[in-house]
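Data block below; observations after.
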Amino acid sequence: VTQKKIRLTQLAELVDGKISGDESLEILRLESIEAAQEGDITFLVKEKNAEMLEKTQASAVIVPLALKEERGKTIIRVKNPYLASAIIHNYLLEKPFESKGIHDSVIIGANNELCENITIEPYTVLGDNVKIGERVFIGAGVYVGDDVIIGNDTVIKANVTVENNTTIGNRVIVHPGTVIGSDGYGYAADERGCHIKRPQVGIVKIDDDVEIGANCCVDRATFGLTWIKSGTKIDNLVQIAHNVEVGENCLLVSQSAASGSTVFGRNVVMGGQAATKGHVSLGDGVMVAGRGGVTRDLEAGGVFGGFPAIPINQWTKAATAFGKVPEMRVELRRLRNEIKELQKKLSRDD
Amino acid sequence: VTQKKIRLTQLAELVDGKISGDESLEILRLESIEAAQEGDITFLVKEKNAEMLEKTQASAVIVPLALKEERGKTIIRVKNPYLASAIIHNYLLEKPFESKGIHDSVIIGANNELCENITIEPYTVLGDNVKIGERVFIGAGVYVGDDVIIGNDTVIKANVTVENNTTIGNRVIVHPGTVIGSDGYGYAADERGCHIKRPQVGIVKIDDDVEIGANCCVDRATFGLTWIKSGTKIDNLVQIAHNVEVGENCLLVSQSAASGSTVFGRNVVMGGQAATKGHVSLGDGVMVAGRGGVTRDLEAGGVFGGFPAIPINQWTKAATAFGKVPEMRVELRRLRNEIKELQKKLSRDD
Amino acid sequence: VTQKKIRLTQLAELVDGKISGDESLEILRLESIEAAQEGDITFLVKEKNAEMLEKTQASAVIVPLALKEERGKTIIRVKNPYLASAIIHNYLLEKPFESKGIHDSVIIGANNELCENITIEPYTVLGDNVKIGERVFIGAGVYVGDDVIIGNDTVIKANVTVENNTTIGNRVIVHPGTVIGSDGYGYAADERGCHIKRPQVGIVKIDDDVEIGANCCVDRATFGLTWIKSGTKIDNLVQIAHNVEVGENCLLVSQSAASGSTVFGRNVVMGGQAATKGHVSLGDGVMVAGRGGVTRDLEAGGVFGGFPAIPINQWTKAATAFGKVPEMRVELRRLRNEIKELQKKLSRDD
């Protein structure tokens, strides 16, 4: 998978690391500590696993600053080995974008502006008035509706659907099967209980450096926009309803859901299967644990769990105690009886 | 997005509304109260937000009957502004179906009956014996299996899969990525714990005016049919298992699930991520709150929440009290000790 | 749907059953007990429903060994009618694979090895170095990346996406819209809270006889492999994260999720919407009830429910008692007051 041999000194520089050992090494690949071979670099996140240094076949290991041991290995000491290894891995894999052009089978509507150095794979269909930036990759079987704008260096994988009027920024990645810009879920019930569809005339806007997993849904706004701001990363099977606003650098883990008109601040984390009620607002840095269900506005910086979501410490204690509720009922009945006995005794004594 | 200028009097008539103000107005667009411009109509759902009348740029506002104020605006008073605005919005956006015909690249099997005035976009594949009604739109990259029937005015968006023998009614909308008619999940375990697939030989039937969101799954029946009745609206990422029967005008919110052989009456509401155990039955008008988990039959008209689902009032109280369980345990222990003290004292006194 | 008339004696032999009645019958179809007609075989799982024998129009009925009654029907007595009926149904529907060849529109990359007797439907795209075994069916609009291996008798339905380097075994079924091999969800946060993508350079391996439902996601590993072992059956909308290992013959019901690096033993069952925290391990035969949330390693053979998942009996009791928590709080307050009274009384008495 890797492309090029890189000098270890160059890698160390990249992550502000200090080499101890053979500074002349050249590195081809980054691998996991178990699978790494000679010539590879790997990483060790926790000091307490220092014995892995001896077991790994890697030629060099990225380790935490505090790790004293070396066990005969060439090491790069960095503040944050998890981060440094990601940076180095990306660097090792980096290669210039190779445009394969637009496959003959691609259907292109009217008035499109497509940069030259892009790749569009077979059987993809573009509507009218589509603008596509530089070094964009669009996979096979993708549908892009009318009036869609796609920025530079963006990757849209196979079988994605992007509906009309969607705007996608630079360096965005959208994984297969995801649907962007489908109608929001909005109806008005009439007297007979029939649901009259509310037209969904808003759009979706996805900012730079967003990544969206496979088989997600991002609905267009009823009016205005559904907006995913820069740097937010979304896992698979996530639901983003109409008029949701997701702030910068949020993490939405698999199967989580943002109901209509939810507003997330920056760096909000939604655990797996977590969800919000519509029209609530989560402050910057809020973390909702997996399966958390948010039913009210949450103040910035808080960590919450449970449904309805409460502060995580409180939830953890309550969830642990939950299994004891039946015993507690029994104990309550026992206490009730013993109090009755005491009351009887006392009234006799009186 | 809008097509035509319509006289305000005509719009008022449409929703049985009473104009107060400039009856000569002509309207082009319906917009949200914040975004509306001169020439637009908008709507105000709640009387308490009457001050928005002054802030909006809209030329006309649909308001509740009871709202006295006008603040210099032309208003239409209606019983239900939310409903009236949906009706007016649809009316303003209405345009005659424009058939673009069947794209040259569409693959069509044998013995098909396709009406002339339809649109089928590129790279869609139809099996044998497919019947398609008038004014149907089928998006790009759709797969329609053999023996499928699709009614009039139905819209199947891009990248949808409709498997063999499915029947879809009139005015149905299916959003991108949804799969209809995939095999139900049914196996029989043998002595060694291997799962023998049960053939799934039933079908899916979708009645008129149903809307199905993006990336949903509607499984075919094992025998007989999985049936979604008219007027039901389904959000994104919803699971409808084999042999489920969903009554008229139900609402199934995002990520909810109906397990095998569940029967929903009319106007049932399943909140986001709500789910049912297999083989249960929910009476007409049952509402299950978000995340509710239905484990038994539910009587008509009830509102339920929690897992297992209980009456919503009971659930709300219990969910609120849940965080107090640890304190309750502490208090129980305290009471136990105090009772012991009392018992000791009393036995001493005896 | 059925193909051929089969002698009843042959069917009985297939499932080690004993016929009582007309041994000369020939059977065309297996149907549900309600829908079966003359000439059909059906099955009765529970003895207590013996009266259905009279109501069904079926010519023959598969029943449990213990069922004495026959009510004038020809019956086959077997140990496990549910299993036997599945085996017989499959047998009746069996037909030789008919290769329709590779449709002219299929795009095929370089260096591929495709067996001759396969079917690939229109507008499917194969990358380079793809190997496809005998009697494979690949539906319309499928994307298969580079270096993918697909075994014999495997079925990949329409609009599936299989990313690079995936290995799929024999007799695997993948339903529409499913995505295999999308990037795992892995980032390293930098000092500013930006999320640096970790390259996901591992693969997905799917062993023999696995079935994967519609619109599922199976992510590739960060390093190494995401591995679904033989005989495992996965329902719709299920999430399998990076580096998950699912053992043989597991059942993962709809909307369930296995978080990163989860390890399942053999014959693990995850109920609908159940989920695991990352890096936990579930022993052989573990069953997690619907909506269960696994937060720690679970010992083999256990049955668990709730979140965090606890033994199912404990959970069932606690979940039932849950609605009583508010009453318990009231009772606690009452007891507190009565104890105070007693204490007062006693101190007065002293």
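Restricting the search to the range B:256-284, which residues are part of a loop (DSSP other than H, G, I, E, B) and under 14 Å from B:Asp297 (Cβ atoms)? Talk me through it step by step, then tell me what you get.
In the first step, residues of the range B:256-284 are kept if they are part of a loop (DSSP other than H, G, I, E, B); the result is B:256, B:259-262, B:265-268, B:271-274, B:277-280, B:283-284.
If the condition is that a residue be part of a loop (DSSP other than H, G, I, E, B) and under 14 Å from B:Asp297 (Cβ atoms), then B:Ser259, B:Ser261, B:Thr262, B:Gly265, B:Val268, B:Lys277, B:Gly278, B:His279, B:Val280, B:Gly283, B:Asp284 are the ones that fit.
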Those strands (runs of 3 or more DSSP E) lying entirely in the range B:126-206 with at least 2 residues away from chain A (no Cβ under 14 Å) and buried (at least 23 other Cβ atoms within 10 Å of the Cβ): B:179-182, B:203-206
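Out of A:Val142, A:Val160, A:Val179, which single residue is over 20 Å from the mean Cα position of the chain (by Cα) and either within 18 Å of B:Asn236 (Cα to Cα) or of a type in the set (A, V, I, L, M) (or both)? Outline the logic, then answer.
Working: A:Val160 fails: over 20 Å from the mean Cα position of the chain (by Cα); A:Val179 fails: over 20 Å from the mean Cα position of the chain (by Cα).
Just a single option satisfies the conditions, and that option is A:Val142.
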One residue from A:Lys73, A:Lys46 being touching a residue at least 40 places away in the same chain (Cβ under 8 Å) and of a type outside the set (A, V, I, L, M, F, W, C): A:Lys73
Any hit, the range C:256-276, residues being in contact (Cβ under 8 Å) with a residue 40 or more places away in the chain and either touching a strand residue (DSSP E or B) at 6+ places or on another chain (Cβ under 9 Å) or over 21 Å from C:Gln314 (Cβ atoms) (or both): yes
Count of the range B:24-67 residues which are surrounded by fewer than 22 Cβ atoms within 10 Å (Cβ to Cβ), over 19 Å from A:Gly202 (Cα atoms) and touching a Phe, Trp or Tyr at 6+ places or on another chain (Cβ under 9 Å): 1
Total residues in the range C:1-23, condition surrounded by fewer than 16 Cβ atoms within 10 Å (Cβ to Cβ), touching a helix residue (DSSP H, G or I) at 6+ places or on another chain (Cβ under 8 Å) and among the hydroxyl-bearing types (Ser, Thr, Tyr): 0
Flag for A:Ala319 being in a loop (DSSP other than H, G, I, E, B) and among the aliphatic types (A, V, I, L, M): no
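State yes or no: is C:Arg171 in contact with a helix residue (DSSP H, G or I) (Cβ under 7 Å, 6 or more places away or on another chain) and among the basic types (Lys, Arg)? Talk me through it step by step, then tell me what you get.
On the way: in contact with a helix residue (DSSP H, G or I) (Cβ under 7 Å, 6 or more places away or on another chain): no; among the basic types (Lys, Arg): yes.
No: the conditions fail for C:Arg171.
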Residue check, B:Lys73 more than 13 Å from B:Leu8 (Cβ to Cβ) and either exposed (fewer than 13 other Cβ atoms within 10 Å of the Cβ) or among the basic types (Lys, Arg) (or both): no
Any hit, the range B:325-341, residues being at the interface with chain C (Cβ under 10 Å from one of its Cβ atoms) and either over 27 Å from A:Ala318 (Cβ atoms) or in contact with a strand residue (DSSP E or B) (Cβ under 9 Å, 6 or more places away or on another chain) (or both): yes
Count - residues of the range A:245-266 that are surrounded by fewer than 24 Cβ atoms within 10 Å (Cβ to Cβ), under 15 Å from C:Cys194 (Cα atoms) and of a type outside the set (A, V, I, L, M, F, W, C): 4
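Among the residues of the range C:296-312, count how many are more than 8 Å from chain A (Cβ to nearest Cβ) and in contact with a strand residue (DSSP E or B) (Cβ under 8 Å, 6 or more places away or on another chain).
To start, the set of residues in the range C:296-312 that are more than 8 Å from chain A (Cβ to nearest Cβ) comprises C:296-305, C:309, C:311-312.
Next cut, in contact with a strand residue (DSSP E or B) (Cβ under 8 Å, 6 or more places away or on another chain) only: C:297-298, C:302-305, C:309, C:311-312.
The qualifying residues number 9.
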The range B:321-344, residues that are within 51 Å of the chain's Cα centre (by Cα), closer than 16 Å to C:Lys340 by Cβ and of a type in the set (Lys, Arg): B:Arg334
Flag for B:Val238 being more than 25 Å from B:Ile156 (Cα to Cα) and crowded, with 24+ Cβ neighbours inside 10 Å: no
Candidates C:Ala275, C:Ala258 - the one that is more than 9 Å from every other protein chain (Cβ to nearest Cβ) and either within 16 Å of the chain's Cα centre (by Cα) or hydroxyl-bearing (Ser, Thr, Tyr) (or both): C:Ala258
Looking only at the range C:21-41, and only at residues there that are in contact (Cβ under 8 Å) with a residue 40 or more places away in the chain and among the β-branched types (Val, Ile, Thr), the one that is nearest to C:Pro81 (Cα to Cα): C:Ile41
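Which fully enclosed strands (runs of 3 or more DSSP E) of the range A:1-114 have 3 or more residues being more than 13 Å from every other protein chain (Cβ to nearest Cβ) and either modelled with pLDDT of 95 or more or within 30 Å of A:Gly151 (Cα to Cα) (or both)?
Numbers: elements: A:18-20, A:40-43, A:60-64, A:74-78.
Strands (runs of 3 or more DSSP E) meeting the threshold: A:18-20, A:60-64, A:74-78.
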Only listed residue being over 23 Å from the mean Cα position of the chain (by Cα) and surrounded by fewer than 21 Cβ atoms within 10 Å (Cβ to Cβ), chosen from C:Glu116, C:Glu121: C:Glu116
Every residue from the range C:207-220 that is facing another protein chain (nearest Cβ under 9 Å) and part of a loop (DSSP other than H, G, I, E, B): C:Asp209, C:Gly213, C:Ala214, C:Asn215, C:Cys216
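The values are calculated or read from the model by the stated rules, or taken from the named source; none is laboratory data. Note that the coordinates shown come from a computational prediction; the quantities given were computed from them, not determined experimentally. Here Cβ is always computed from backbone atoms with ideal geometry, including for glycine, and neighbour counts include all displayed protein chains.
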